[in-house]
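Reading through the structure tokens given below for one structure.
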Amino acid sequence: GWINDPNGPFFYKGVCHLFYQYLPGSAKWDWGLMWGHAVSFDLVHWTHLPPALVPTPGGADQDGVFSGCAAIDEETGIPVLLYTGVRLRSSETCGPRPPPECDLNLPFIESQLFAFPADLDDPLLEHWIKDDVPLLTLPPPSMNLGGWRDPYIIATPSTSCDGQYVMLLGSGVKNRGGITLVYKSQHLTRGWRYHGALASSDNMAWGIVWECPLLAELHPHGAPLPPLESDAFPAPPAGPLRPGRLYRRQLAGHHAVRSIEARQPKLPGGTAPAIASAAAGAHANGSCGAAVGVDEPPRYYFFCQSPDAPANPTFYWIGSFCHKSIRYDVDNAHGPYQLDYGDILYAPNVLIDQSGRTLLVAWLQERRTVGTYTYAGCIGLPRVLSIDESGPEPRLVQSPLPEAAALRRRGKSWVHGIGVSDGADGVGGGAAMTRGDDVGRSVCSSREAAALCGADTALGCVNEKMLLRHPDRGARTPKRTSLD
């Protein structure tokens, strides 16, 4: 089978859920993608469950359940999956076309959809029910957009300035450059309104369509994590779940997912100005528009996007974010930087775990010849993210997940810059990585330089193999590839 983008990681009743783009029975991308589903209690050993979302014949997602996020109702604790559904324009069951002012003239038509669990008492959440009313059916009119997908919740009523949900959608303006759209609503599953752009660029070298946008504040490396609110993961209500409009009115999500960043060389055309404390943006706790005081440390926000197609590198910036205007200052941010030196990482996602850590997961692609294998792709082990403020500019730190030490085996191991030795532990516990390190070559097992442990150590494909890639590639900028 085939897998790609990780989607919607979140915790529910002590179980970590991770979804991903999945196509059984094929080792290459095709239409008909669904959401695969896996769960873990320790973030290292994973159990595959039946697909959570599959295309509905004749529906808005009949030709693919594309990427999205997970959110949890702040009041009820009910999880919600938000995603982009696609239908091919060439299909006889495509349905009505968008009006001309909203038609992107792509081979497929995109809609924003959602689903909720069939059984809230099931900690594994094996079965999901799609709602019959979309979140959004049409993109903003007359913007000449090249895409409209990958919903991502960045604020909820308890964290936003005006008590509303805030959602990002990946997009771009044709023949101009990438743009991340912002939508707002008082309710998670209805009433969404276009607000404006979080960020945009006229530099097409950074991508024409910014897929899988992410935004998060990063905490200082080595500093104590801020305590999580006791109601961050509220218990679900008692009684059966009843779908329909009455239930939809109960839904409104808390997104237990955040963003990411890494250490890579800056790309041509990027800037790296100093960030003043007063430019760190408004606080998320309600002090909207208030600048950070002179005695307060600066606050750094990570903005990440995956441009156009998987052959391209994923980019990120570190800069300031204004909660009141919902704008990210790309022009005065540090970056863009490549999230990974190699050319196999794409479409990352993030998770705030129950201890407050910001964890990154990403799709690791295959570079084998199509037709020589029966499965393709894997989801890499989580990385712990933080920000290093000790230098002249803030730097992203990606640290090995400490729980990965459970995978250690006695034998030979390979450590970047040191070489091969006998009797060393080969997984976990390695040094943190900063810009200039090859993220894919930090610390790894030496057995055939790839297969770790076998089933259930991370998300592989049909045969559940865990693969850890170690590409020996330089700090180059891969040629940008477009879907058009």
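The values are calculated or read from the model by the stated rules, or taken from the named source; none is laboratory data. Bear in mind that the values here come from a model prediction, so they are computed numbers and not experimental data. Neighbour counts are summed over all protein chains in view; Cβ atoms, including those assigned to glycine, are modelled from backbone coordinates with ideal geometry. These accessible areas exclude ligands, DNA and RNA; they are computed on the full protein's heavy atoms, side chains included. Shrake-Rupley method; radii C 1.70, N 1.55, O 1.52, S 1.80 Å.
Here are some notes:
- With R₀ fixed at 41 Å, the C-beta to C-beta distance from Ala311 to Glu75 puts the FRET efficiency at about 0.45.
- Additional length obtainable on full extension of the chain from Asp42 to Val133, 0.36 nm per residue less Cα span: 29.2 nm
- Net charge, Arg149 excluded, C-beta distance under 10 Å - Lys, Arg +1, Asp, Glu -1: -3
- Length-normalised contact order for segment 1-135 - Cα pairs under 8 Å, 6+ apart - percent: 18
- A protection proxy built from the mean count of other Cβ atoms within 10 Å ranks the segments 385-398, 140-153, most packed first, as 140-153, 385-398.
- Placing a label point 7 Å from the Cα of Arg176 along the Cα-to-Cβ line, the residues of segment 192-226 whose backbone N sits under 12 Å from it are 197, 200-203.
- Å² of accessible area per residue within segment 103-162, as computed with a 1.4 Å probe and no ligands counted: 37
- Mean separation of Cα contacts under 8 Å, 6 or more apart, over the residue count of segment 129-203: relative contact order %: 24
- Full-extension gain in nm, Glu101 to Lys13, via 0.36 nm per residue minus C-alpha separation: 27.2 nm
- Close amide H contacts of Gly411 (hydrogens built in the peptide plane, cut-off under 5 Å, sequence separation of 5 or more or a different chain): Gly423, Ala424.
- Computed from label points 7 Å out along Cα-Cβ, the spacing between Gln354 and Trp29 is 3.6 nm.
- Think of a 1.4 Å ball rolled over the protein heavy atoms: segment 327-396 then has 32 Å² of accessible area per residue.
- In plain terms, the chain from Ser390 to Val370 could stretch by 2.7 nm, reckoned as 0.36 nm per residue minus the Cα-Cα distance.
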